[in-house]
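Step one of this worksheet: look at the structure below.
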Amino acid sequence: MTSYKELLQQREQLEQKIQEARKSELSDAVAKVRALVAEYGLSVDDVFPPAKATRGAGQGGKVAPKYRNPETGQTWTGRGKAPKWIENQDREKFAI
(Lines give C-alpha, C1' and ligand atoms only; values in the text may rest on other atoms or scores of the structure.)
Protein backbone atom coordinates (compact mmCIF):
# COMPACT_ATOMS: atom_id res chain seq x y z
CA MET A 1 0.00 0.00 0.00
CA THR A 2 1.23 3.48 -0.86
CA SER A 3 2.00 5.81 2.03
CA TYR A 4 0.65 9.29 2.51
CA LYS A 5 4.04 10.92 1.85
CA GLU A 6 4.50 8.94 -1.36
CA LEU A 7 1.06 10.03 -2.56
CA LEU A 8 1.87 13.67 -1.82
CA GLN A 9 5.11 13.34 -3.77
CA GLN A 10 3.24 11.78 -6.70
CA ARG A 11 0.70 14.59 -6.61
CA GLU A 12 3.48 17.17 -6.68
CA GLN A 13 5.08 15.47 -9.69
CA LEU A 14 1.72 15.29 -11.47
CA GLU A 15 1.05 18.97 -10.82
CA GLN A 16 4.42 19.84 -12.35
CA LYS A 17 3.63 17.72 -15.43
CA ILE A 18 0.21 19.36 -15.69
CA GLN A 19 1.76 22.84 -15.60
CA GLU A 20 4.33 21.90 -18.25
CA ALA A 21 1.65 20.43 -20.52
CA ARG A 22 -0.54 23.51 -20.06
CA LYS A 23 2.31 25.89 -20.92
CA SER A 24 3.14 23.87 -24.02
CA GLU A 25 -0.47 23.75 -25.24
CA LEU A 26 -1.04 27.43 -24.48
CA SER A 27 1.99 28.47 -26.49
CA ASP A 28 0.74 26.36 -29.43
CA ALA A 29 -2.74 27.89 -29.15
CA VAL A 30 -1.36 31.44 -29.01
CA ALA A 31 0.81 30.78 -32.05
CA LYS A 32 -2.24 29.53 -34.01
CA VAL A 33 -4.30 32.55 -32.99
CA ARG A 34 -1.54 34.97 -33.96
CA ALA A 35 -1.19 33.29 -37.33
CA LEU A 36 -4.93 33.57 -37.99
CA VAL A 37 -5.00 37.23 -36.90
CA ALA A 38 -2.11 38.03 -39.20
CA GLU A 39 -3.53 36.00 -42.09
CA TYR A 40 -6.94 37.69 -42.02
CA GLY A 41 -5.82 41.11 -40.79
CA LEU A 42 -8.08 40.99 -37.76
CA SER A 43 -8.21 43.74 -35.15
CA VAL A 44 -8.84 43.45 -31.42
CA ASP A 45 -12.47 44.53 -31.96
CA ASP A 46 -12.91 41.79 -34.58
CA VAL A 47 -11.77 39.12 -32.17
CA PHE A 48 -13.18 40.64 -28.97
CA PRO A 49 -16.18 42.87 -29.80
CA PRO A 50 -17.10 45.43 -27.15
CA ALA A 51 -19.41 43.96 -24.54
CA LYS A 52 -23.00 45.11 -24.68
CA ALA A 53 -24.29 46.80 -21.59
CA THR A 54 -26.51 44.40 -19.70
CA ARG A 55 -28.89 45.37 -17.00
CA GLY A 56 -28.30 43.68 -13.71
CA ALA A 57 -30.86 43.12 -11.02
CA GLY A 58 -32.13 46.38 -9.64
CA GLN A 59 -30.72 48.45 -12.49
CA GLY A 60 -33.85 48.73 -14.59
CA GLY A 61 -34.78 51.95 -16.30
CA LYS A 62 -37.79 54.10 -15.54
CA VAL A 63 -41.15 52.82 -16.67
CA ALA A 64 -43.75 55.14 -18.14
CA PRO A 65 -46.86 55.60 -15.99
CA LYS A 66 -50.00 53.79 -17.13
CA TYR A 67 -52.53 55.29 -14.73
CA ARG A 68 -53.29 58.84 -13.49
CA ASN A 69 -55.49 60.05 -10.69
CA PRO A 70 -57.64 62.79 -12.29
CA GLU A 71 -58.16 64.52 -8.94
CA THR A 72 -54.54 64.85 -7.80
CA GLY A 73 -52.52 64.14 -10.95
CA GLN A 74 -50.62 61.32 -9.23
CA THR A 75 -49.46 58.57 -11.57
CA TRP A 76 -48.75 54.87 -11.22
CA THR A 77 -46.85 52.55 -13.56
CA GLY A 78 -48.97 49.50 -12.81
CA ARG A 79 -46.06 47.78 -11.07
CA GLY A 80 -45.81 47.01 -7.41
CA LYS A 81 -48.51 47.61 -4.84
CA ALA A 82 -51.41 49.68 -6.15
CA PRO A 83 -51.90 53.12 -4.58
CA LYS A 84 -55.00 53.72 -2.45
CA TRP A 85 -56.68 55.91 -5.06
CA ILE A 86 -56.88 53.01 -7.55
CA GLU A 87 -57.44 50.05 -5.20
CA ASN A 88 -60.67 48.10 -5.73
CA GLN A 89 -61.64 50.21 -8.73
CA ASP A 90 -61.79 49.68 -12.48
CA ARG A 91 -58.33 50.68 -13.67
CA GLU A 92 -59.50 51.44 -17.19
CA LYS A 93 -61.00 54.76 -16.10
CA PHE A 94 -57.56 55.83 -14.81
CA ALA A 95 -55.62 54.69 -17.89
CA ILE A 96 -53.46 57.33 -19.55
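The values are calculated or read from the model by the stated rules, or taken from the named source; none is laboratory data. These figures come from a predicted structure and were not determined experimentally. FYI the Cβ positions are ideal-geometry reconstructions off the backbone, even for glycines, and counts take in every protein chain you see. Note: accessible area is taken over every heavy atom of the protein model, side chains too, but ligands, DNA and RNA are not part of it. Shrake-Rupley method; radii C 1.70, N 1.55, O 1.52, S 1.80 Å.
Filter the trypsin sites (Lys or Arg not before Pro) in the chain to those in DSSP coil with at most 11 other Cβ atoms within 10 Å of their Cβ, and list the result.
Qualifying residues, ordered by number: Lys52, Arg55, Lys62, Arg79, Lys81, Lys84.
Calculate what fraction, in whole %, of the accessible area of the stretch 57-96 sits on carbon and sulfur atoms when a 1.4 Å probe is rolled over the protein chains. Please list the in-between numbers first.
Values: 1500 of 3340 Å².
Reported share for carbon and sulfur atoms: 45 percent.
Using the Karplus curve 6.51 cos²θ - 1.76 cosθ + 1.60 with θ = phi - 60°, what ³J(HN,Hα) values do you get for each residue of the stretch 9-22, in whole Hz, with x for Gly and Pro?
Along the stretch 9-22, the couplings run 5, 5, 4, 4, 5, 5, 5, 5, 5, 4, 4, 5, 5, 5 Hz.
If you plug each phi of the stretch 75-85 into the Karplus form 6.51 cos²θ - 1.76 cosθ + 1.60 with θ = phi - 60°, what whole-Hz ³J(HN,Hα) values come out, in order, with x for Gly and Pro?
Taking θ as phi minus 60°, the curve returns 10, 8, 7, x, 10, x, 5, 6, x, 4, 5 Hz for the stretch 75-85.
Expressed in nm to one decimal, what extension gain is obtained for the pair Ser24 and Val63 from 0.36 nm per residue of sequence separation less their Cα-Cα distance? List each step's numbers first, then the result.
Working: separation 39, 0.36 × 39 = 14.04 nm, distance 5.34 nm.
Length gained, Ser24 through Val63: 8.7 nm.
Helix-derived [θ] at 222 nm for the chain: sum -39500 (n - 2.57) over DSSP H runs of at least 4, divide by residue count, nearest 500? Each step should come with its number before you reach the end.
Numbers: 2 runs with 41 residues, N = 96.
Calculated mean residue ellipticity at 222 nm is -15000 deg cm²/dmol.
Treating only the Cβ of Lys, Arg, Asp and Glu as charged (+1, +1, -1, -1), what charge dipole size does the chain show about its Cα centre? Round to the nearest 20 debye.
On the way: 17 positive and 13 negative charges, 136 e Å.
For the chain, the charge dipole is close to 660 debye.
So, for the chain, what is the accessible surface per residue at a probe of 1.4 Å, expressed in square angstrom? Don't jump to the answer; show the numbers that get you there.
Numbers: 9050 Å² over 96 residues.
Using a 1.4 Å probe on heavy atoms only, each residue of the chain averages 94 Å².
Calculate, in nm to one decimal, what Thr75 and Arg11 gain on full extension: separation in residues at 0.36 nm each, minus their alpha carbon distance.
Numbers: separation 64, 0.36 × 64 = 23.04 nm, distance 6.69 nm.
Result for the pair: 16.4 nm of gain on full extension.
Could you compute the longest span of the chain free of GluC sites (Glu not before Pro) located in DSSP loops and having at most 11 other Cβ atoms within 10 Å, not counting the site residues?
Values: sites that count: Glu71, Glu87.
Excluding the exposed sites themselves, the longest stretch runs over 1-70.
Let me make sure I get this right: for the chain, a, b and c are the square roots of the gyration tensor eigenvalues over alpha carbons, sorted descending. Under 1.5 in a/c it's rounded, otherwise prolate if a/b > b/c, else oblate. Which is it?
On the way: a/c = 8.49, a/b = 2.27, b/c = 3.74.
It comes out oblate by the Cα gyration axes.
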